[in-house]
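See structure below.
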Amino acid sequence: MSKFHVAFSTTLTIQALHKFPLSNTKIFVKIKPPSGEKLFTSIKTAQNETVVWNESFQFNSKIELQKNSLLADSVVRLSIRQPDNSNGFIRIGIVNINLAVMANKNLQNPRRYILENAKINTLLIVQVQMIPLFYHKMNHRIQIFICN
């Protein structure tokens, strides 16, 4: 039996990092969508406890529809990082956003996320917009339906 997947065109906007206590620190965000690709924001400098990006990234997300008609978990990981002098980075913290939860909400307002695994309390402001596309495998053909 083939599985039914719902696909989305996802736009993720990294707006800002607020209440960041380290002034004049260079910061960037690594974005890892469920597809496994790696995307990066530009490197910005913290000023007045804030780092502002306002950068948007678009990718497709395919989420399995479970037997109970709920979407399975599909997580995009945001890793907030500081470049170091050895061409590496220092991880400040992470944010995991479950796209299955976001898919049912047509949110126009950005959401605030507290960094996980962080030594400092700071907020990452992110906006997620998802436009559904439907994929269904049938006899090795893929049918695509666009919903409005």
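The values are calculated or read from the model by the stated rules, or taken from the named source; none is laboratory data. Keep in mind the model is a prediction, meaning the values are calculated, not measured. When we count neighbours, we look across all protein chains shown, and the Cβ atoms used for this are built from the backbone with ideal geometry, even at glycine. Accessible surface is based on the protein model in full, side chains and every heavy atom, while ligands, DNA and RNA are left aside. Shrake-Rupley method; radii C 1.70, N 1.55, O 1.52, S 1.80 Å.
Grab the DSSP H runs of the chain that are 4 residues or longer, score each as -39,500 (n - 2.57), total them, divide by all residues and round the 222 nm result to the nearest 500 deg cm²/dmol.
-500 deg cm²/dmol
Take peptides 4-17, 89-102 and line them up by average Cβ neighbours within 10 Å, highest first, as a rough protection proxy.
Top to bottom by mean Cβ count within 10 Å: 4-17, 89-102.
Count the net charge of all other residues whose Cβ sits under 11 Å from the Cβ of Lys38, scoring Lys and Arg as +1 and Asp and Glu as -1.
Result for the local shell: +2.
Using a Cα-Cα cut-off of under 18 Å, which aspartates and glutamates could be cross-linked to Lys38, ignoring same-chain neighbours fewer than 8 residues away?
List returned: Glu55.
Counting only protein heavy atoms, what percent of the accessible surface of the range 5-146 is carbon or sulfur at a 1.4 Å probe?
Using a 1.4 Å probe with all protein chains present, the range 5-146 comes out at 47 percent carbon and sulfur.
With contacts defined as alpha carbon pairs under 8 Å and 6 or more residues apart, what's the relative contact order of the chain in percent?
30
In whole Å, what are the Cα extents of the chain along the three principal axes, biggest one first?
Taking the Cα atoms of the chain, the three principal extents are 56, 33, 23 Å.
Just the accessible area per residue of the range 5-146, please: how many Å² with a 1.4 Å probe?
Ligands and nucleic acids excluded, the figure is 60 Å² per residue.
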